[in-house]
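A quick write-up on the structure given underneath.
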Amino acid sequence: MKKKTILVTGGAGYIGSHMVRVLLEKGWTPVIFDNLSKGHREFIPKGVQFVKGDLLRPEDIRKVFGKYKIDAVIHYAALIVVPESVSEPIKYYQNNITGSINLFSEMVRAGVDKAVFSSSACVYGQPLKNPIKEDEPLKVANPYGATKVIGEQILGDLARAGQMKYVALRYFNVAGAHPSNEIGIKMDKPTHLIPNVMRAALGKLESMSVFGTDYPTKDGTGVRDYIHVLDLCDAHFLALKALFNGKVKSEMINLGNGKGFSVLEIIRQAEKVTGRKVPFKTFPRRPGDCSTVVASYAKANKVLGWKPKRSLEEILASAWAWEQKIAK
Ligand code: UDP
C-alpha cells in the first residue's frame, strides 16, 4: 500500500503521540493538530509537521486541509476526565461535540472521507454481559460517554449520506508507555488507577485510594480490561489500512485485552513489577463506577486481524519506567 499522510488531532497527547510514532515507523507521514491544552510540545518528534490550533475554531482546521494533502484523519482530540464531565457538562459537549462537528465538516468540505474515531467502553455503562460485544445496548452514564456516542452517531449519519467511511474504536482501559520512555501519561492529578498505583509505589502519594470493596467481583474491587497503548495504536494502523483497501466501510470495534483484573490484582502485580510496596486505603465506591467491564475483541480480530500482544506485566513495567522518569 502507498504510504499515506494522516492528520492526527490530539497528536501531542498520550495516545496520539504513541500513534504518531507508529505511523513514523511504518514510513507514513503524520501531521499533528493540537491546541496543547492537555498535550505536550515535548511529545512531538523532531521533524514532524505540527499545527497548533483549536477544533473550536473552524478556520484553524480549514488551514490544515488547505496546506497538506491529507488522506485520512485519526481524531483523538477530546477532553477525557469523566468526573469533570459530570461537573462541567457544557465544557465537554462544546469541546468534544462542537470540535468534532467542526473537524468533520472541514473534512467533508476538503473531500477527506476516511476517519478513525476514539470512542470508549464508556458507551456501554454497566454492561448486562461480560465480555462485552459491540451489540451490547448503549447505556451512557455521564456526559463524557455521551460525547462519544454522539460522535459515533454523527459519523454514522455522514456514512449513510455517503460522505464518510469510519472506524470508531471503543477503548477499554488504556495504559502503559512507549519503550523509548519519551512519552506516557502526564497529568497533574491523574485519576486513573495505574498512574496512581505507580505514584504510591514511588512514594509520591502516601497511599493510593481503592474505591469500592463491595462489588460483586472475585475480591470485591472493580474489574477492568487493561490494554497497552501500543496494542491500541497497532489496531488504529490496521483500521486505517482497512479503510484504504476497502475491507471495512464503517464499523464500531472494541479494543481491549479480553481479560479482567481487579484493583487488588493490579496492586499485587505492580508490587511484583516494581519491587516496592504499594500502600493503599479503602474507600466507598466512586460515584458512577461500574463493577466489571471486560472487552470481547472477537470483532477486532475478525475485521482487522488484530489481537493484543502485550501482557499486563509489560503494561505495568513500562508505566513504572515512565512514572520514575517524570518524578525526577
Ligand atoms: N480506581 C481505584 N483508585 C483510583 C483510581 C481507580 O480504586 O485511584 C478503580 C476504579 O474504581 C475502577 C478501576 O480502578 O474500578 C479503574 O479505574 P480508572 O479510573 O483507571 O478507569 P475507568 O474504568 O474508571 O475508566
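The values are calculated or read from the model by the stated rules, or taken from the named source; none is laboratory data. The shown structure was predicted, so the numbers you read here are calculated from the model rather than taken from an experiment. Cβ coordinates were reconstructed from backbone atoms using ideal geometry, including for glycine residues, and neighbour counts include every protein chain displayed. Accessible surface areas use protein heavy atoms only, side chains included; no ligands, DNA or RNA. Shrake-Rupley method; radii C 1.70, N 1.55, O 1.52, S 1.80 Å.
Working carefully through the options V82, V51, V108, V149, find the one that is closer than 25 Å to S17 by Cβ, β-branched (V, I, T) and modelled with pLDDT of 95 or more.
V51
Name, by its number, the condition in (1) within 13 Å of the ligand (Cβ to nearest atom); (2) part of a loop (DSSP other than H, G, I, E, B); (3) closer than 25 Å to R41 by Cβ that does not hold for L205.
(3)
Which one of these is away from the ligand (no atom under 16 Å from the Cβ) and either open to solvent by less than 60 Å² (accessible area, probe 1.4 Å) or within 22 Å of the chain's Cα centre (by Cα) (or both): E265, E271, E251?
E251
Consider P190 against the criteria (1) closer than 16 Å to A327 by Cβ; (2) within 16 Å of the ligand (Cβ to nearest atom); (3) touching a Phe, Trp or Tyr at 6+ places or on another chain (Cβ under 8 Å); (4) not acidic (D, E): it satisfies all of them except one. Which criterion is unmet?
(3)
Could you run through region 159-186 and say how many residues are aliphatic (A, V, I, L, M) and within 12 Å of the ligand (Cβ to nearest atom)?
3
Residue by residue, here is whether (1) within 20 Å of P190 (Cα to Cα); (2) open to solvent by less than 40 Å² (accessible area, probe 1.4 Å); (3) away from the ligand (no atom under 16 Å from the Cβ) holds:
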{"site": "L79", "(1), (2), (3)": "yes, yes, no"}
{"site": "I90", "(1), (2), (3)": "no, no, yes"}
{"site": "G99", "(1), (2), (3)": "no, yes, yes"}
{"site": "A115", "(1), (2), (3)": "no, yes, yes"}
{"site": "A121", "(1), (2), (3)": "yes, yes, no"}
{"site": "Y124", "(1), (2), (3)": "no, yes, no"}
{"site": "I132", "(1), (2), (3)": "no, yes, no"}
{"site": "P137", "(1), (2), (3)": "no, no, yes"}
{"site": "A141", "(1), (2), (3)": "no, no, no"}
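Could we say that A242 is small (G, A, S), in a helix (DSSP H, G or I), touching a helix residue (DSSP H, G or I) at 6+ places or on another chain (Cβ under 9 Å) and within 16 Å of the ligand (Cβ to nearest atom) here?
Answer is no for this residue.
Any idea which of G156, G212 is out of contact with any Cys (no Cβ under 6 Å at 6 or more places or on another chain) and away from the ligand (no atom under 16 Å from the Cβ)?
After applying the criteria, what remains is G156.
Give the residue that is nearest to I80 (Cα to Cα), with candidates limited to residues of region 17-39 that are in a strand (DSSP E or B) and not polar (S, T, N, Q).
Ranking the qualifying residues of region 17-39, first place goes to D34.
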